[in-house]
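The structure under discussion appears below in the form of structure tokens.
The values are calculated or read from the model by the stated rules, or taken from the named source; none is laboratory data. None of these values were measured; they are calculated from a predicted model. Neighbour counts are summed over all protein chains in view; Cβ atoms, including those assigned to glycine, are modelled from backbone coordinates with ideal geometry.
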Amino acid sequence: MTEPEMAIDVVGASKFFGGLRAIGNVSFSTHRGEIFGIIGPNGAGKSTLFNLITGTLPMTSGRIRYRGTDITGLGPHAVATKGIVRTFQSATVFPNKTLEENVRLGFLFGRLNVPRRFADRAHLRRSREEAQERTGEVVEFCGLTEARHRIAGDLAYGLQKTLGVAMALAAGPTQLLMDEPAAGLNPVETRAMGDLILRIRNERAIDVVLVEHDIAMVTRICDRILVINRGELLAIDLPEVIRNNPDVIEAYLGADIDLH
Amino acid sequence: MKTWRYLLWIALAIALIGWPFVLGNKFVTHIGTLICMFTLMALSMNLLLRIGQLSLAQGAIMGLGAYGSALAMMSFGFPFWAGFLLSGVVGGLVSLLIGPVVLKLRGVYFVLLTFAFGEIVILSFTEWVDVFGGVNGIFGVPRASFFGHVIRDRNVYYLMALAMAAGGYFLLRAIYRSEFGAIMDTLHDHEELARSLGVDAMAYRLAVFSLSGTIAGFAGGFYASYFTFVTPMAFDFSNAVNLVVINVLGGISSPMGIVLGALILVPLPELLRDAVEYQVLLYGLVLIIFLKFMPEGIVGLIHKLRGKSDD
């Protein structure tokens, strides 16, 4: 059996806010071709861990590698240009532009070479045509074709969240980081979001890491799950093992969450 | 329809170029020149407001351009064109140097830090008498000249100012309509989203700040050779306040708004010569009324009346 190829490799990550330890010496690796879930009770440090990987927060100590390249200390835009693109917990779109324009900007923002666009008109035309083509493809992939001319700010919340995913896809990631993709969605929308994430991995060969509250969704679509509690790593395993892990059940006791 | 638009632009251009020659009134030509110069300055401020950052150092940067050009011509024997070119370079270079520090801050902190920087520049002009001539500034700055021909005709200065304002106007219009403009808009309200998609926000802010500084520097270079003197007080922070009032009055969202704002506000001090103290009061009222009831300025009002929302 061959070792799985590593995608994100976190070594000894710690984060202190003043004297408060939010993340303490957490190490784990995600694999290529994997949907990797991060769960934990409220205040466990899920969001902090997420923000360390995206470069939104600087780490106190530790290192992060992505596909063998050290990305420790890079800012959000630099992390994005390495192929790691994030989505947001709340619907985050450019509200005054149409859905299609939002996706087009997602495509352009990662690749905009401003000096070349001014100097080389042929390059400008090519890149605009490419953007148009790619935009249509991503919009269709996410099932947003019908709403593509509507103003993003006027869309229903569920559509806005899907649009957020579409914009991230347009930026051309090899790794998607999703911050609570099901937050604020109803059961039907949650199911559709889960299916979309599966298709993103299966059809576009993009690896996915997601932080999520909805345990049912996580156990349905994730290949492996990391459980974090009080800033420390509690377990990493297959969903069915996690569900029956007594430590995990203990951590969630009183949180009123049914793991089954 | 398109031909009509074309003809309208040509008619406007002819009117803008021709009126001083027809009217032949030196004072009105002077006002026209000031309007063009402040339009250019207000456009430089508009670039910053567009990314949500209000700089009170805009007058000081203009002053650096003005002093730089004056000293280059008087102390180092630069010809006018080189001095003028230098004024833009100085404005842009200084912005490029202080940008990485000041642009780390947002909102009121950015405003205060740029205010402090502006005061340091003005203080240097005032106190470093050997170089900058102190409170009295520098007199006898050479007039503009082209190919050895010294320009004394006011109408020509007006045309120079008009060309600069028009150049700034069309440059900003082109930028705002491009993808660079789309990124600028997102830096204002959705920086986190833009960064997550790969936009190097700091690099874009720095580019905008430097472009704004270059424009302000050029305005200063023109100022020096038009008035033939530069004094510290001409470049204090009240310049920036006036520029903000012009932007708010005309409308921040469109370069045409800036032109309208300058057209209305710049002649006021001349018309209110006998009641200068009321001028500041008027500015205050304009700011309050427009920010409260017409945040889109005159341009927004025109759009509302015509029932359309874009340019």
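Within segment B:200-213, can one find any residue that is in a helix (DSSP H, G or I), crowded, with 24+ Cβ neighbours inside 10 Å and either within 14 Å of chain A (Cβ to nearest Cβ) or under 12 Å from the mean Cα position of the chain (by Cα) (or both)?
Taking every residue of segment B:200-213 in turn, at least one turns out to be in a helix (DSSP H, G or I), crowded, with 24+ Cβ neighbours inside 10 Å and either within 14 Å of chain A (Cβ to nearest Cβ) or under 12 Å from the mean Cα position of the chain (by Cα) (or both).
For segment B:187-199, enumerate the residues that are charged (D, E, K, R) and more than 7 Å from every other protein chain (Cβ to nearest Cβ).
B:ASP189, B:GLU191, B:GLU192
What pairs come out if I take residues in segment B:168-191 that are outside any helix (DSSP H, G or I) and pair them with residues that are not acidic (Asp, Glu) whose C-beta lies under 9 Å away, six or more apart or interchain?
Here the result reads B:SER178/A:VAL114; B:SER178/A:ARG117; B:SER178/A:PHE118; B:HIS190/A:THR92; B:HIS190/A:VAL93; B:HIS190/A:PHE94; B:HIS190/A:PRO95, each pair linking segment B:168-191 to a residue that is not acidic (Asp, Glu).
Of the conditions (1) modelled with pLDDT under 90; (2) within 23 Å of A:THR54 (Cβ to Cβ), A:ASP247 fails just one. Which one is it?
(2)
Under 29 Å from A:GLY136 (Cβ atoms), in contact (Cβ under 8 Å) with a residue 12 or more places away in the chain and either surrounded by fewer than 17 Cβ atoms within 10 Å (Cβ to Cβ) or of a type in the set (Val, Ile, Thr) (or both), is that true of A:ILE35?
yes
Only one of (1) in contact with a strand residue (DSSP E or B) (Cβ under 8 Å, 6 or more places away or on another chain); (2) among the aliphatic types (A, V, I, L, M); (3) in a loop (DSSP other than H, G, I, E, B) is not met by B:ILE252, so which one is it?
The number of the failed condition is (1).
Working only within segment A:11-30, note down all residues that are within 19 Å of A:VAL218 (Cβ to Cβ), surrounded by fewer than 23 Cβ atoms within 10 Å (Cβ to Cβ) and in contact (Cβ under 8 Å) with a residue 40 or more places away in the chain.
Restricting attention to segment A:11-30, the residues satisfying the condition of being within 19 Å of A:VAL218 (Cβ to Cβ) are A:26, A:28-30.
Applying the additional criterion that residues be surrounded by fewer than 23 Cβ atoms within 10 Å (Cβ to Cβ) yields A:26, A:28-29.
Matches in segment A:11-30: A:VAL26, A:PHE28.
So how many residues does segment A:145-166 have that are more than 17 Å from the chain's Cα centre (by Cα), assigned to a helix (DSSP H, G or I) and among the small types (Gly, Ala, Ser)?
3
Listed residues A:LEU176, A:LEU169; which is within 14 Å of chain B (Cβ to nearest Cβ), part of a helix (DSSP H, G or I) and surrounded by 15 or more Cβ atoms within 10 Å (Cβ to Cβ)?
From the options A:LEU176, A:LEU169, the qualifying one is A:LEU169.
Within segment A:193-215, work out how many residues are surrounded by fewer than 17 Cβ atoms within 10 Å (Cβ to Cβ), of a type in the set (A, V, I, L, M) and free of Cβ contacts under 8 Å to residues at least 60 places away in the same chain.
Qualifying residue count, segment A:193-215: 0.
So which helices (runs of 4 or more DSSP H) are wholly in segment A:43-144 and hold at least 2 residues that are within 13 Å of another protein chain (Cβ to nearest Cβ), without any contact (Cβ under 8 Å) to a residue 60 or more places away in the chain and touching a helix residue (DSSP H, G or I) at 6+ places or on another chain (Cβ under 6 Å)?
The qualifying helices (runs of 4 or more DSSP H) are A:76-81, A:114-119, A:121-141.
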